[in-house]
Amino acid sequence: PGTQRAYMCCIAHFAHWLTQEGYRLEAIGQVAVIRFLSEHLPACVCPDPVRRIRHDLQAALGHLLEVLKAGGVVPQYPARNSAIEQELTRFDIHMRDVWGLADRTRRRRCKVVEEFL
C-alpha cells in the first residue's frame, strides 16, 4: 500500500507537469518522461506534497508507460534493429561472464543502453 500511494503521488506530479507543458495524452511517452526527470525535476518548485525522489518517479512512470502501451494509448516501441540487438546481446554476455552481474541487474542495464541506442 505504501508503494502504491508513493507511485500515485509520482504520477500525479508527472500529470501536473504534463498539464502545465500542454502535453496531449497521445504524446506521453519515454521522451516526456526523460524530459520530466532531466529538466523539470532538478529545478522543481511544485508545491508540496509532491514526490521528488528520482528512483520512485522512474519506477512509477515506467509502470505508467507500460499501462498506456498495453491499453493502446501510446504506441509500442518498434522492433529492435538487428545491429542493436546484437550489441545488446554482446553487452549482456560481457556483463554476465566478465563482471558476474545478476540477471536483474543486466536486464536493467541493457534497457538503459537500448533506450540510449
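The values are calculated or read from the model by the stated rules, or taken from the named source; none is laboratory data. Bear in mind the structure is a predicted one, so any value in this text is a computation, not a measurement. Backbone-built Cβ (ideal geometry, glycine too); neighbour counts: all protein chains shown. These area figures cover heavy atoms from the full protein model, side chains too; ligands, DNA and RNA do not enter into them. Shrake-Rupley method; radii C 1.70, N 1.55, O 1.52, S 1.80 Å.
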Relative contact order [Cα under 8 Å, 6+ residues apart], the chain, whole percent:
27
Mind checking which of A43, V33, F91 is farthest towards the positive end of the chain's charge dipole, using Cβ charges of +1 (Lys, Arg) and -1 (Asp, Glu) about the Cα centre?
F91
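Stretched out fully, how many nm does the piece from I53 to H16 gain, at 0.36 nm a residue minus the Cα gap? Walk me through the numbers on the way to the answer.
Details: separation 37, 0.36 × 37 = 13.32 nm, distance 1.60 nm.
Length gained, I53 through H16: 11.7 nm.
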I11 accessible area, assembled protein chains, probe 1.4 Å, Å²:
40
Let me know the charge dipole size of the chain about its Cα centre in debye, to the nearest 20, where only the beta-carbon of Lys, Arg (+1) and Asp, Glu (-1) is charged.
260
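Enumerate the helices in the chain for which the Kyte-Doolittle hydropathy averages -0.5 or more and the C-alpha atoms extend at least 15 Å along the helix's axis, using complete DSSP H runs.
Values: long enough: 2-21 (29 Å, -0.10); 54-70 (24 Å, 0.17); 82-97 (22 Å, -0.74); 103-116 (20 Å, -1.71).
Helices meeting the criterion: 2-21, 54-70.
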If I compute Kirkwood radius over Cα pairs in Å from the structure I just sent, which labelled value in [x] 15.7; [y] 16.0; [z] 15.2 lines up?
[y]
